[in-house]
Amino acid sequence: MPKNRNTFSFLARWPRRAASRAVHLGWAWAQRAGAVTAEHPGRLRFGAIGAGTRLAFPQGTVFGERWIELGAHCIIGEQVTLTAGMMPDLDLGPDPILTLGDGVVLGRGSHVIADTTVTIGSDTYCGPYVYITSTNHSYDDPHEPVGRQWPRMEPVAIGPGCWIGTGAVILPGARLGRNVVVAAGAVVRGEVPDHAVVAGAPARVVRSWDPEKGWQPPLRTPAPVPIPQGVTPEQLVALAELDEVRETP
């Protein structure tokens, strides 16, 4: 009797297992087929899209592609919103509105809203759910609902080599220099100098680089040791496995 119950239990589970496997295989196929690249742009016709750039599937809201230029080797995560203009089907003129340099990374669920120019420099990395916008609500008239008042728009410029942490917000008019670090959840407005770390809401500089003194205040952790030249991936895997063996009691 126990043997029969095991047989019936397996037969009852088999359709669910088969369906689950089919769903996962189908989703993996959709992710590959739905990704946007220069060779396979799908319905999206960007002003420019560089070699090696990939927009993961599913994409978020994308419109005004004609005024969006993406550099080479960019990584755009799932559900990332990229918009140029306040709404689709506007004529925004001859120049690009939203520009990403080479090697830009936008994490899953991020939003880049460019009603006026937004420029993100090369090799800037954004964590998930970063919000970058050139437009903000105005509330000058205390008698009119805020949503009905004409918004304010100011260009945004993010320098090359920046790191923008998860959930950070970059507000209209922000100008970030080179190699700026924005802490997770920070709200950035105004100008941030090169080689600065900002945190808080509103964000303020909490660490900066001095050519003579180095980082001020000093870093609390030592700099990571770079991988020596000539080390192969196989050797790195072997070292990792050796560390695991040493740590196993």
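Take E78 and tell me if it is buried (at least 16 other Cβ atoms within 10 Å of the Cβ), among the charged types (D, E, K, R) and assigned to a strand (DSSP E or B). Here the answer is no, as E78 does not meet what is asked. Taking the stretch 40-65 as the range and being in contact with a strand residue (DSSP E or B) (Cβ under 8 Å, 6 or more places away or on another chain), open to solvent by 50 Å² or more (accessible area, probe 1.4 Å) and among the aliphatic types (A, V, I, L, M) as the test, no residue passes. Report, by residue number, each residue of the stretch 234-249 that is open to solvent by 90 Å² or more (accessible area, probe 1.4 Å) and modelled with pLDDT of 80 or more. Within the stretch 234-249, E234, Q235 meet the criteria.
Look at (1) out of contact with any strand residue (DSSP E or B) (no Cβ under 6 Å at 6 or more places or on another chain); (2) closer than 28 Å to M87 by Cα; (3) of a type in the set (K, R) and you find that R152 fails only one, number (1). Filtering L106, L171, L92, L70 for residues that are without any contact (Cβ under 8 Å) to a residue 60 or more places away in the chain, of a type outside the set (K, R) and in contact with a helix residue (DSSP H, G or I) (Cβ under 9 Å, 6 or more places away or on another chain) leaves a single hit, L92. Looking across the stretch 122-147 at every residue that is open to solvent by less than 30 Å² (accessible area, probe 1.4 Å) and assigned to a loop (DSSP other than H, G, I, E, B), the one that is modelled with the lowest pLDDT is identified as S138.
Out of everything in the stretch 4-59 that is of a type in the set (K, R) and within 22 Å of P96 (Cβ to Cβ), what residue ends up being modelled with the lowest pLDDT? Per the criteria, the residue is R43. Among the candidates A184, A201, the residue that is touching a strand residue (DSSP E or B) at 6+ places or on another chain (Cβ under 8 Å) and either surrounded by 14 or more Cβ atoms within 10 Å (Cβ to Cβ) or closer than 30 Å to A114 by Cα (or both) is uniquely A201. If the condition is being open to solvent by less than 40 Å² (accessible area, probe 1.4 Å) and assigned to a loop (DSSP other than H, G, I, E, B), then the stretch 103-115 contributes G103, V104, G107, G109, S110, D115. Number of residues in the stretch 81-100 that are open to solvent by 10 Å² or more (accessible area, probe 1.4 Å) and more than 20 Å from A33 (Cα to Cα): the value is 13.
Scanning the stretch 167-181 for residues that are open to solvent by 20 Å² or more (accessible area, probe 1.4 Å) and in contact with a Cys (Cβ under 9 Å, 6 or more places away or on another chain) turns up R178, N179, V181.
Filtering the stretch 121-145 to residues that are without any contact (Cβ under 8 Å) to a residue 40 or more places away in the chain, more than 11 Å from the chain's Cα centre (by Cα) and on the phi < 0 side of the Ramachandran plot leaves T133, S134, N136, H137, S138, Y139, D140, D141, P142, H143, E144, P145.
The values are calculated or read from the model by the stated rules, or taken from the named source; none is laboratory data. Since this is a predicted model, take the numbers as computed values, not measurements. Positions of Cβ are backbone-derived with ideal geometry, glycine not excepted, and every protein chain shown enters the neighbour counts. When the accessible area is computed, the model is the full protein with side chains, heavy atoms only, and any ligands, DNA or RNA have been set aside. Shrake-Rupley method; radii C 1.70, N 1.55, O 1.52, S 1.80 Å.
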